[in-house]
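Asks: Here it is, the structure in full.
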Amino acid sequence: MILGNAELILEDSIITDKVRERIQEIHTAGERAASLTRQLLAFSRKQVLQPKIMNLNKTAKNMEKMLLRMIGEDIELRAFLAPDLGQIEADTGQIEQVIMNLIVNARDAMPEGGKITLETENVDIDEKYADTHTSVIPGSYVMLSISDTGIGMSDETRIRIFDPFYTTKDKGKGTGLGLSTVYGIIKQSKGNIWVYSEPGKGCTFKIYLPQVEKPIPKAELMPKSIDTLIGSETILVAEDDEMVRNFIVRALQGYGYKVLTAASGEEAIEISLAYKNTIHLLLTDVIMPGINSRDMEESIKTSRPKIKVLYMSGYTDNTIVHYGVLDPGKEFIAKPFTPESMARKVREVIEK
C-alpha cells in the first residue's frame, strides 16, 4: 500500500516541504509501479473485470474531448458511428483504456500529423469466416475499428505487435505494454482483435466484441451522485495482510467511519456475531485464509441480511471471480487504491 500510505502522509500538515517533496517522489514511483502491474495483469488476463451492458458509441462520444486534447491539433479525428449499434457486455473502464491506447498508438505513428478514423459497426460472423480465424466463434458482434494514415509497419513488426515489452519506440518513450494490454483486455472480454498494416500505408486495428440483447439498466443511465465522502457508519474490514489492514483502518477512520477488523473469515464471522450494533458494510479481500470470502459473506448475512458487501483484490482466482469476471451483483474495488477512491466506493455501496 505504498500509494495509500504516501497519500496519508502528504495530507499531514506537520511534515516539512522537503519531506513532502520526497514523499511525492515515492508516490510518483508507486503510481508508475501500479500502472505497470495493471498492464501486466491485463495482458495475462488476471485482472478482475466488472462487465456492464454498454454502448460503444456512447463511450466514444464521452471520450471525444479527451482524445482530441491528447492527439494535438495536427491530427484530425473522424468518427463514423453506426446509428443502430448493438450493445456489448464489458468493463467500461477497460474498454476506455483500449480506445485510448489505440489512439495514442495511432498518434505516435504520425509524427508529422495525419488522420485517425474511429468506426463502429454491427457485424455477423459466419462459419466460413470463423474457420479461417483461430478462436473466433460465429455470431453477432459489434466491431470497433481505429485506423491511421501513419508510417505503418512491416510484417515482422505486425506479428510481434501484441508481445509484452516489444516496442518500436526509442528508449524511454514507451514500455511496450500498451498494445499487449489492449490484447489482454479484449481477449478477457471474449472478443478478438486483428491488425492490418503495410509500411507507409497506415494501420488499422479491428476489434470484435459479442453483441448482447440485454437493455442498459436504468441505474446505469442515471448514476447517483455522491455528495460527500464522509460517513459515520460501522464497517467490518476482513483482510489478512496486516499492513494493508492498518492502512484501510487509518483511511476509513480519517473519513469518520467506525472500523472493526478481522484477519480471517472465521474471525469476521465471530466479530459479526458478537457485535451488538449495526454493521453497515463488510469490506473484504477476495482471497482469505481458511473459509473463502463468499462463504463468509453468506454466513454473516444469515444474522445480518441487510449488510452491504464490498470486495477488494488485484487478482482473479477465487470463488466470486470466474475467468477474471466478477459474479453478477458483487461490488468490487481493485487494488491498489487510494484513500479517496476507497472512500468514494464505500460511500457508493452504502448509499445503494
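Asks: Which pairs have Cβ atoms under 9 Å, sit 6 or more apart or on different chains, and link a residue in the range 148-160 that is on the phi > 0 side of the Ramachandran plot to one that is surrounded by fewer than 15 Cβ atoms within 10 Å (Cβ to Cβ) and of a type outside the set (Phe, Trp, Tyr)?
Replies: Qualifying pairs under 9 Å: Gly152/Glu198; Gly152/Pro199; Gly152/Gly200; Gly152/Lys201.
Asks: When you scan the range 318-339, do you find a residue that is assigned by TED's automatic domain parsing to the domain that holds Thr234, modelled with pLDDT of 95 or more and part of a helix (DSSP H, G or I), even just one?
Replies: no
Asks: A further question follows. Which members of the range 56-101 meet the condition of being closer than 25 Å to Ile151 by Cα and part of a loop (DSSP other than H, G, I, E, B)?
Replies: Scanning the range 56-101 gives Gly72, Glu73, Asp74.
Asks: Here's something else I'd like to know. State whether the residues of the range 17-33 include one that is of a type outside the set (Gly, Ala, Ser) and either in contact with a Lys or Arg (Cβ under 8 Å, 6 or more places away or on another chain) or at pLDDT 85 or above (or both).
Replies: The answer is no; no qualifying residue exists.
Asks: Step by step: first the residues of the range 99-128, then only those that are modelled with pLDDT under 90 and closer than 20 Å to Val212 by Cβ, then the one that is surrounded by the fewest Cβ atoms within 10 Å (Cβ to Cβ). Which residue is that?
Replies: Asp126
Asks: State which residue pairs qualify: first residue farther than 21 Å from Ile350 by Cβ and inside the range 290-305, second residue part of a loop (DSSP other than H, G, I, E, B) in any location, beta carbons under 6 Å apart, and separation of 6 or more residues or different chains.
Replies: Matching pairs, first to second residue: Gly290/Ser264; Asn292/Thr319.
The values are calculated or read from the model by the stated rules, or taken from the named source; none is laboratory data. Small disclaimer: the values here were computed from a predicted structure and weren't measured. Note that each Cβ is placed from the backbone with ideal geometry, even for glycine, and that neighbours are counted across all protein chains shown.
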